[in-house]
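Q: I'd like to ask you about the structure that follows.
The values are calculated or read from the model by the stated rules, or taken from the named source; none is laboratory data. Bear in mind the structure is a predicted one, so any value in this text is a computation, not a measurement. Cβ coordinates were reconstructed from backbone atoms using ideal geometry, including for glycine residues, and neighbour counts include every protein chain displayed. These accessible areas exclude ligands, DNA and RNA; they are computed on the full protein's heavy atoms, side chains included. Shrake-Rupley method; radii C 1.70, N 1.55, O 1.52, S 1.80 Å.
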Amino acid sequence: MTYVKEPCYNSLQERWRDIIIWYFLYILIVITLIIMVGISFYKVNQKRKDKKHIKLTNRWREYLGFVLTDENAEDLKMQQKHYNKLHSVEELMAFYTALLEYKDSAQMKENGEFRQFIRENKSLWVSLGHVYAKKRPIEKAYFAFICEQLCINTPEEYDEMTKIMQEYAQEPSIYCRENALKALYAFGNIDAVVEVFIKLSRNNSINHRKLVTDGLLEFKGDQIALAESLYNHLDQFKSEYQVAMVDFFRFSGEPLKNKLIKILKQGDADKDLVCAILRYYAKYPVQEYKDTILSYLTIPNEKDWECVSAAALALGKYPGEDTIHALKSVLSSKYWYVRLNAARSIVELDTEEAELMDILEGQDSYAKEQLIYHIKNRKELRLQNG
């Protein structure tokens, strides 16, 4: 008879330690098996979905081929039985995949059949928008994406489809909101875009500034007219939207350069908005406004150093002895960005080194450091340019 020697434990504590180790090992094995089964199930399910998508796409490709290219087709109006299928997001995805082949077709663009197909079925897209309004945000987002890609509306239209996209844009889901806004940008109607941002602002639905600015720059209609309209309604937007819109003004052109100065002269605007406007006047300088911009170098509230920094940078486009004197006065600021921008502007104004000797030979190491750095960069740049 063979006896198995049991492990010898020096203490009850060591015995419990081994039990706990084995317990965690078993748990780890079970979790690993669950993950492996989950991955396998996901792959099988994804493969099934891919096959179904290909099958549905081929059906739509066949149908669209008949409608768009067959001379025997009576008209471009989609049949009701085919429209009803689009209530399913899987069918909608397959439809769009098949439609892409014709959307990018040079022949379709030349003859105008594709655009005619979209316009002929306008009432169906509107109905479909109401259907997807009752679905999950991710499905609404996909429908809005298709509306943008197909550019269903024209800039002159402010209709039911416009209102549907405005409603989608009120969704808490960032994907749905952004896709709906992109659809409105693609439609190109100025009033629709202005109104949707007024609604978002009133509801405290804040988009990231860069998303708003970049989105407005995608507007397919008249961007100058859009900028004018946004400016006329600027007081109806929260400060986050105001800043994004001023950034849009800066990238889209200079027609507002004689209007934005009013906000700087008021002196009580949000500091982020002030900085955005100062950046605007750095790109589109107006010499008559120099005194107003100079006034922002002497803001008494130290918390608004960002405004001082933005003004220092903008003044690089406003030559004059008073400008140099004011910039030199903030070279000793305790804020690094203020010193950096002041020194950069002084050098950008081609100030002679003789005018800067009081700083270069002075005891202010911070001011001296920034000036020397930018003067050196200017000399290197001139050498490179011959």
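Q: Per 5 Å bin, what is the whole-percent P(r) computed from every C-alpha pair distance within segment 155-230?
A: With a bin width of 5 Å, the distribution comes to 3, 17, 31, 30, 15, 4.
Q: Here's another thing I want to ask about it. Let me see the pair-distance distribution of segment 37-102: every alpha carbon pair, 10 Å bin width, integer percents in order.
A: 20, 44, 22, 10, 4, 0
Q: A further question on this structure: For each pair in LYS43/LYS199; LYS271/LYS376; LYS259/LYS368; LYS271/LYS379; LYS43/LYS85; LYS47/LYS103, compute the distance between the two Cα atoms and list the pairs where it is over 31 Å.
A: Too far apart for the 31 Å limit: LYS43/LYS199; LYS271/LYS376; LYS259/LYS368; LYS271/LYS379.
Q: Quick one: with all protein chains in place, what share of the accessible area of the chain is carbon or sulfur, to the nearest percent (1.4 Å probe)?
A: 54 percent
Q: Which value in nm describes the separation of the simple spin-label points at ASP350 and LYS55, placed 7 Å from the Cα toward the beta carbon?
A: Here the answer is 7.4 nm between the modelled labels.
Q: Among all stretches of the chain without exposed chymotrypsin sites (Phe, Trp or Tyr not before Pro) (DSSP loop, at most 16 other Cβ atoms within 10 Å), which one is longest?
A: The segment 159-334 is the longest one with no such site.
Q: What helices does the chain have that are whole DSSP H segments, at least 30 Å long along their own axis by Cα, and with mean Kyte-Doolittle hydropathy of -0.5 or more?
A: Within the chain the helices that satisfy the rule are 12-69.
Q: Given a 1.4 angstrom probe, what's the average accessible area per residue across segment 123-249, in square angstrom? Each step should come with its number before you reach the end.
A: Numbers: 5110 Å² over 127 residues.
Here the per-residue accessible area is 40 Å².
Q: Also, I was wondering about something else. To the nearest 20 Debye, how big is the dipole of segment 48-178 about its Cα centre, given +1 on the beta carbon of each Lys and Arg and -1 on that of each Asp and Glu?
A: About 800 debye.
Q: Another question, if that's okay. What Kirkwood radius, in Å to one decimal, follows from the Cα pairs of segment 154-288? Numbers along the way, then the final one.
A: Working: mean 1/r = 0.0663 Å⁻¹.
By the Kirkwood definition, the hydrodynamic radius is 15.1 Å.
Q: Calculate the dipole size of the chain relative to its Cα centre from +1 charges on Lys and Arg beta carbons and -1 charges on Asp and Glu beta carbons; express the result in debye to the nearest 20.
A: Numbers: 53 positive and 55 negative charges, 354 e Å.
Dipole magnitude for the chain comes out near 1700 debye.
Q: To continue, here is another question. Ignoring ligands, DNA and RNA, how do ASP235, ASP104 rank by accessible area with a 1.4 Å probe, largest first? If you can, show how the numbers build up before the last one.
A: Numbers: ASP235 125, ASP104 100 Å².
I get ASP235, ASP104, largest accessible area first.
Q: Another one. Of the listed pairs LYS55/LYS81; LYS81/LYS134; LYS49/LYS182; LYS163/LYS257; LYS51/LYS122, which have alpha-carbon separations greater than 26 Å here?
A: Details: LYS55/LYS81 18 Å; LYS81/LYS134 21 Å; LYS49/LYS182 28 Å; LYS163/LYS257 33 Å; LYS51/LYS122 30 Å.
Beyond 26 Å between Cα atoms: LYS49/LYS182; LYS163/LYS257; LYS51/LYS122.
Q: Mean-square fluctuation check for the chain, GNM, Cα pairs under 10 Å: which of SER345, SER105, SER123 is largest?
A: Largest GNM mean-square fluctuation: SER105.
Q: Also, I was wondering about something else. Limiting things to C-alpha atoms, what are the Rg and the maximum Cα-Cα separation (Dmax) for the chain, in angstroms?
A: For the chain, the Cα-based Rg and Dmax read 31.9, 109 Å.
Q: Further question on the same structure: Relative contact order of the chain: what whole-number percent is it, with Cα pairs under 8 angstrom and at least 6 residues apart?
A: Relative contact order, the chain: 7 percent.
Q: 222 nm [θ] for the chain, helices only, -39500 (n - 2.57) per DSSP H run of 4+, per residue, to 500?
A: -22000 deg cm²/dmol
Q: Right, something else. Evaluate the relative contact order of segment 116-200 (contact order divided by residue number), counting alpha-carbon pairs under 8 angstrom at least 6 apart; express in whole percent. All intermediate terms of the calculation are to be shown ahead of the outcome.
A: On the way: 103 pairs, mean separation 27.2, N = 85.
It comes to 32 percent, rounded to a whole number.
Q: Kindly report, to the nearest 10 Å², the accessible surface of THR97 as traced by a 1.4 Å probe over protein heavy atoms only.
A: Near enough 50 Å² of accessible area.
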